[in-house]
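> Please find one structure pasted underneath; my questions will follow.
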Amino acid sequence: MPPLVTADDEDAFDRLVERHQREIQVHCYRMLGSLEEAQDLAQETFLRAWRARETFRGQSTARAWLYRIATNACLDFLDRQRRRPLTRDRVEGQEPPAEIPWLQPYPDHLLAFGASGAEEPDAAVIGRETIELAFLAAIQHLSPRQRAVLILRDVLGWSAKETAAQLDSSVESVKSALKRARSILRAQLPRQRLGWSPPRAPTVSERELLQRFMDAHDRTDATAFAKLLSDDVRMTMPPLPYWFTGRDAVAAFAAQAFGPGSPLSGGHWRSVITGANLQPALAGYLRRPGEREYRAQALNVLRIEHGQIAEITVFEPRLFAAFGLPPVWPADGAPFSKPSPSQ
């Protein structure tokens, strides 16, 4: 059978892979947990596919062919990195979350697959709770091969036979890896996230909660901020090794961060509502005393459970660009508002 793409037919290759570009990046993101690394590995995938284009003869779909290349590219990367989440010491009886310094948020606007006019990919690509940060953090505890098996089987819904073919493995090996991966995942996921459910738009009460959170943050009102938190709220700050568990601990951190003597005190905050990993997020800008501009300070990704903030993951401001947000905002600039597919 002749190749479906000849050596000099770049247009045919572009048409072959165009539909799957974004979902391949999402696949790499699930494998790696890092947006920047996922973007690099997606590009590596298409480079490998271009080099191997004459070997693709239609025995499988273009999608399966690209997923195979992407999975192997990610496995090669993880084999070179050999990184694992770091276990933190218990503090005063608290069980701290594992440290995952490479974890990064994924902008919601990159999940709007239909925006470019390309045909929609399978709903499983983003149609389950497997893009949320809780899931991304949990699967970092799996070995790279377990991670690949879990994603192909439980996220994309491929059969054990199809998964084995993708990984050059046996069906028995795939079943064994999946059983072990599910067991580890159950131990790592929050209780509310043990099953998949479709994403949904935020409720009116959740939108109101987000607005109150933003108002308390921008007023640096630690007392109002604390009232929005669940009893067992958790805050982490990858890549920094800081974590806080429980309302009192998170509220005390906020009071210290906003209080006298803090590098953040005395300034004027403004926030932009955005979305990451199909979760609400706030991009915080700070105008310090004597300055005329607001500068990017932190990206807060929130998990809401039962009408309260259950988790806050704080990311560094250099990631603002991926969300289409500027590093600096003039004090007299446009209103702070940025719509997001999840909002």
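> Mind listing the phi-derived Karplus ³J(HN,Hα) values for region 140-147, rounded to whole Hz, using 6.51, -1.76 and 1.60 with θ = phi - 60°, and x for any glycine or proline?
5, 7, 8, 5, x, 5, 4, 4
> Can you list the HN-Hα couplings for region 247-260, worked out from phi with the Karplus curve (6.51, -1.76, 1.60; θ = phi - 60°), rounded to whole Hz and with x for Gly and Pro?
4, 4, 5, 5, 5, 5, 4, 4, 4, 6, 5, 8, x, x
> Using modelled backbone amide H atoms (1.01 Å from N, in-plane), which distant-in-sequence or interchain residues come within less than 5 Å of GLU311's amide H?
Here ARG234, ARG303 satisfy the definition.
> What list of ³J(HN,Hα) couplings, whole Hz, do you get for region 154-170 from phi and the Karplus terms 6.51, -1.76, 1.60, once you set θ to phi - 60° and write x for glycine and proline?
Taking θ as phi minus 60°, the curve returns 8, 8, 8, x, 6, 6, 4, 5, 5, 5, 4, 5, 5, 9, 6, 10, 9 Hz for region 154-170.
> Quick one: compute the contact order of region 10-193, relative version, from alpha carbon pairs under 8 angstrom and 6+ residues apart, as a percent.
23 percent
Values in this text are rule-based calculations from the coordinates and carry no lab data. The structure displayed is predicted, hence computed values, not measured ones.
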